[in-house]
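Participant: I am attaching a structure below and will ask some questions about it afterwards.
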Amino acid sequence: MNTVKPNYTRALDLKHGRVDMSHGSGGRAMAQLIAELFAAAFDNEYLAQGNDGALLPQAQGRLVMATDSHVVSPLFFAGGDIGCLSVHGTINDVAVMGAKPLYLSASFILEEGFPLADLNRIVESMAQAARAAGVPIVTGDTKVVEQGKGDGVFITTTGVGVVPDGIHLSGDQARPGDKILLSGSIGDHGMAILSQREGLTFSAPIVSDTAALHGLIAAMLDSGVRLRVLRDPTRGGLATTLNEIARQSGVGMMLHESAIKVNQPVEAACELLGLDPLYVANEGKLVAICAPADADRLLAAMRAHPFGRDAAVIGEVLADAHGFVQMTTRLGGRRVVDWLAGEQLPRIC
Amino acid sequence: MKYVDEFRDGDLAKNIAANIAGEAHAGRAYRLMEFCGGHTHAISRYGLADLLPPNVRMIHGPGCPVCVLPIGRIDQAIRLAREQDVILCTYADTVRVPASANLSLMRAKAGGADVRMIYSTQDALKIARDNPQREVVFLAIGFETTTPPTAVAIRQAAAEGLKNFSILCDHVLTPAAMHAILAVEGGVALDGFVGPAHVSTVIGSKPYEPFADDYHKPVVIAGFEPLDVMQAILMLVRQVNDGRAAVENEFTRAVTREGNLKAQELVAEVFELRDAFEWRGLGSVPHSALKLRPQFAAFDAEQKFKVDYVAVPDNKACECAAILRGQKRPQECKIFGTVCTPENPVGSCMVSSEGACAAHYSYGRFRETA
Ligand code: SF4
């Protein structure tokens, strides 16, 4: 009989335990946290190598790498949590480059005192999101900061993917005359977070749209349409994303407000708080720009995918030395859809 | 959405626009002031200027609560936070208003001051309850709409015996500001007012009657939805054409002549008139702001911490004063869009999207490039 005990004899108390400083010390407690929580949940052959880095097989094509830090309050919200969000967000950043996402890394900054039960929920959610997307988490890191110096959990994920030959998507490719397509409604993620944080309740709850979009993007690329720009309008919302593209490409844009879908509870919540949904974050939507002749085919390909059901052509690219993103409003007027100055803040009166 | 969609209907807007164009006499100009920042925002955000004939011009008034706060008032709050170590709570955009020495509440916060952005007075009370060892000061700003919640908070704090909570009271009054605009020497070239929406739900339409009776300026109270504003403009054009000056109410779904009497009583119980208050752009205006009544002096941060108000002149290049009085347009300010932008506001009108400069910069500046 084997009488040599493992280094830690009592399992992690995932029900009542809390993160303490020893979990970040590099010692036994940290090894246990990694083994019993992270490695158990993410379980894959690369992680199982147990080294400081993951040794990955050779990949064909140009590599894409993207990284994203996630700081969310509340950590759990309608439609998701910081865990799945951190997986989806980075997969999308890789995928909008036209790449097939292959691997993720995950780095955790935990605050002393954080309940292990919550951490377990978050890690499980990450693991499930990564499995569903077919993109394993192959390496990671954990640090613990003293109480009061963090906000529960911060997660940084990095993703690697490969772009097949012949695909070149970039924010500087938009040309006057091109069509601008949007995959669905805007503002769902940001307002799900905000309404929960502010304790607002609506007859229909606002659910985050967090999702991995690489499947939709693959379908779009497979349609044979030549895409010029793809981007996911996360923080700063649709308005910020379009302004970034306009600046990169040196063009202007004209949007049509009536073509941009905003779900009713989102619109109501925005109204209540004095926010403009154009600037509210999304986590499962994308913007695509293509040549005008390709727009119908691209739209059909998007609509055929569950994450693109509500896709629409929302505007055109214009030649404009000032780089204005403009919009014809529902009322028939015109306005600039500007960069946001700082954070979008609720109205006072 | 119920109660919103019907006020944003594009076809209806075109109908009203056609009526305005048809009824406005080509030979005359209609200079209409929307007093309220909420209207300024709606006009810009929906591009309503495009729907109006060129001789119907909207002039932005002083009704943006952060625009009218003078530098000295923000300085006062910054001094409290930096020198007296209080937790300073305030609403939204107030944190970005430029103050002296290149500071704002946001910059003071970055420099270590404990400044917190809150959504309601209840948040401020909670912070005070949670931090009994710290002094919590709420920078209370805004027109008649935000005053009742402050009054509620003061009454609650008094009832709870909360010792570490006080307010820096900068609540101001709409009718007094409208008087100040109309009383300008030599008169102002204004043909009428789009009257405030939310403010009027509290004070009612009655306080505007002197503007119609004594100054002969029509007032049409309107909601914040774009169609409300369009309809109010049409009603104003009609009054001007008829040579009438009356207070009319487009916003009947929320506003009565008497207003919300309960809210008015509440405010009267907690606050009294200040003899005078300095506004950015309008200077010192008599009986235009509120202070706490003597029985609530314990909650008055100005008395508790002895932070006197020191008037500070605006930046020399800044035209906010003329803009808030309706005498100039944002693009007529020399530093508009160059030195003064929403990222680096020099004047207060560039801070909130309800401010005339920020609204024009953010939504309308394409018009100058045409
Ligand atoms: S552009 Fe800036 S400085 Fe000029 S009036 Fe407007 S806010 Fe004041």
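The values are calculated or read from the model by the stated rules, or taken from the named source; none is laboratory data. Note that the structure is predicted; figures quoted are calculated from it, not measured. So basically every Cβ, Gly included, is an ideal-geometry build from the backbone, and we count neighbours across all protein chains shown. Heads up: the accessible areas ignore ligands, DNA and RNA and are worked out on the full protein's heavy atoms, side chains in. Shrake-Rupley method; radii C 1.70, N 1.55, O 1.52, S 1.80 Å.
Participant: Just checking, which of B:347, B:283 is closer than 22 Å to residue B:59 by Cβ and away from the ligand (no atom under 11 Å from the Cβ)?
Facilitator: B:283
Participant: Shifting gears a bit: Given (1) near the ligand (Cβ under 9 Å from one of its atoms); (2) closer than 22 Å to residue B:47 by Cα; (3) surrounded by 14 or more Cβ atoms within 10 Å (Cβ to Cβ), where does residue B:327 come up short, assuming only one miss?
Facilitator: (1)
Participant: Further question: For residue A:239, state whether it is of a type in the set (Gly, Ala, Ser), surrounded by fewer than 23 Cβ atoms within 10 Å (Cβ to Cβ) and outside the structural domain of residue A:157 (by TED's automatic domain parsing).
Facilitator: No: the conditions fail for residue A:239.
Participant: Can you pull out the residues in segment B:189-237 that are outside any helix (DSSP H, G or I), aliphatic (A, V, I, L, M) and open to solvent by less than 30 Å² (accessible area, probe 1.4 Å)? Lay out the reasoning, then the answer.
Facilitator: Kept after step one, since they are outside any helix (DSSP H, G or I), are these residues of segment B:189-237: B:189-197, B:204-205, B:214-225.
Still in the running and aliphatic (A, V, I, L, M): B:189-190, B:194, B:197, B:219-222.
Correct list: B:190, B:194, B:197, B:219, B:220, B:221, B:222.
Participant: Is it the case that some residue within segment A:195-202 is at pLDDT below 95, in the same structural domain as residue A:129 (by TED's automatic domain parsing) and of a type in the set (Lys, Arg)?
Facilitator: Within segment A:195-202, none of the residues are at pLDDT below 95, in the same structural domain as residue A:129 (by TED's automatic domain parsing) and of a type in the set (Lys, Arg).
Participant: Would you mind finding the one in B:108, B:81, B:101 that is free of Cβ contacts under 8 Å to residues at least 24 places away in the same chain, within 30 Å of residue B:319 (Cβ to Cβ) and more than 11 Å from chain A (Cβ to nearest Cβ)?
Facilitator: After applying the criteria, what remains is B:101.
Participant: Right, another one. Filter segment B:316-343 down to the residues that are of a type in the set (S, T, N, Q), touching a helix residue (DSSP H, G or I) at 6+ places or on another chain (Cβ under 9 Å) and either under 19 Å from residue B:102 (Cβ atoms) or not in a helix (DSSP H, G or I) (or both) and list them by number.
Facilitator: B:327, B:341
Participant: May I pose another question? When you go through B:333, B:340, B:357 one by one, which is the residue that is within 7 Å of the ligand (Cβ to nearest atom) and within 17 Å of the chain's Cα centre (by Cα)?
Facilitator: None of the other options fit; the residue is B:357.
Participant: Among the residues that make up segment B:290-304, is at least one of them farther than 21 Å from residue B:87 by Cβ and either under 17 Å from the mean Cα position of the chain (by Cα) or within 13 Å of the ligand (Cβ to nearest atom) (or both)?
Facilitator: The answer is yes, given that some residue of segment B:290-304 is farther than 21 Å from residue B:87 by Cβ and either under 17 Å from the mean Cα position of the chain (by Cα) or within 13 Å of the ligand (Cβ to nearest atom) (or both).
Participant: Given the criteria touching a helix residue (DSSP H, G or I) at 6+ places or on another chain (Cβ under 6 Å), aromatic (Phe, Trp, Tyr) and either more than 14 Å from chain A (Cβ to nearest Cβ) or near the ligand (Cβ under 9 Å from one of its atoms) (or both), does residue B:309 qualify?
Facilitator: In short, yes.
Participant: Given the structure, is residue A:326 facing chain B (nearest Cβ under 8 Å), more than 22 Å from the chain's Cα centre (by Cα) and under 27 Å from residue A:212 (Cβ atoms)?
Facilitator: no
Participant: If you don't mind, another one. Within segment A:274-300, how many residues turn out to be in a helix (DSSP H, G or I) and open to solvent by less than 20 Å² (accessible area, probe 1.4 Å)? Before the answer, list the steps.
Facilitator: Of the residues in segment A:274-300, the ones in a helix (DSSP H, G or I) are A:277-279, A:292-300.
Pick out the ones that are also open to solvent by less than 20 Å² (accessible area, probe 1.4 Å) and you get A:277-278, A:295, A:298.
Residues in segment A:274-300 being in a helix (DSSP H, G or I) and open to solvent by less than 20 Å² (accessible area, probe 1.4 Å): 4 in total.
Participant: In segment B:43-64, is there at least one residue being closer than 30 Å to residue B:131 by Cβ and hydrophobic (A, V, I, L, M, F, W, C)?
Facilitator: No: segment B:43-64 contains no residue that is closer than 30 Å to residue B:131 by Cβ and hydrophobic (A, V, I, L, M, F, W, C).
Participant: Find all pairs meeting these conditions: Cβ atoms under 6 angstrom apart; at least six residues apart or on different chains; first residue within segment A:24-42 and on the phi < 0 side of the Ramachandran plot; second residue among the β-branched types (Val, Ile, Thr).
Facilitator: Once the first residue is on the phi < 0 side of the Ramachandran plot and sits in segment A:24-42, its partners that are among the β-branched types (Val, Ile, Thr) give A:24/A:144; A:37/A:123; A:41/A:123; A:42/A:137.
Participant: Now for a different question. Checking the structure you have, find out if any residue of segment B:343-365 is open to solvent by 20 Å² or more (accessible area, probe 1.4 Å) and more than 14 Å from chain A (Cβ to nearest Cβ).
Facilitator: no
Participant: Do we find a residue being open to solvent by less than 10 Å² (accessible area, probe 1.4 Å), assigned to a loop (DSSP other than H, G, I, E, B) and either at the interface with chain A (Cβ under 9 Å from one of its Cβ atoms) or without any contact (Cβ under 8 Å) to a residue 24 or more places away in the chain (or both) anywhere in segment B:50-65?
Facilitator: yes
Participant: Hey, among A:39, A:127, A:48, A:29, which residue is outside the structural domain of residue A:205 (by TED's automatic domain parsing), farther than 14 Å from residue A:156 by Cα, open to solvent by less than 20 Å² (accessible area, probe 1.4 Å) and in contact with a helix residue (DSSP H, G or I) (Cβ under 8 Å, 6 or more places away or on another chain)?
Facilitator: Values: A:39 fails: open to solvent by less than 20 Å² (accessible area, probe 1.4 Å); A:48 fails: open to solvent by less than 20 Å² (accessible area, probe 1.4 Å); A:29 fails: open to solvent by less than 20 Å² (accessible area, probe 1.4 Å).
Matching residue, one of A:39, A:127, A:48, A:29: A:127.
Participant: Could you say whether any residue in segment A:51-60 is surrounded by 18 or more Cβ atoms within 10 Å (Cβ to Cβ) and outside any loop (DSSP other than H, G, I, E, B)?
Facilitator: no
Conditions tested, residue by residue: (1) assigned to a strand (DSSP E or B); (2) open to solvent by less than 10 Å² (accessible area, probe 1.4 Å); (3) away from chain A (no Cβ under 14 Å); (4) not small (Gly, Ala, Ser).
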residue: B:11; (1), (2), (3), (4): no, no, no, yes
residue: B:21; (1), (2), (3), (4): no, no, no, no
residue: B:34; (1), (2), (3), (4): yes, yes, no, yes
residue: B:41; (1), (2), (3), (4): no, no, no, yes
residue: B:69; (1), (2), (3), (4): no, yes, no, yes
residue: B:77; (1), (2), (3), (4): no, yes, yes, no
residue: B:90; (1), (2), (3), (4): yes, yes, no, yes
residue: B:95; (1), (2), (3), (4): no, no, no, yes
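Participant: Against the conditions (1) modelled with pLDDT of 90 or more; (2) near the ligand (Cβ under 10 Å from one of its atoms); (3) not basic (Lys, Arg), where does residue B:265 fall short? Just the number, please.
Facilitator: It fails just one condition, (2).
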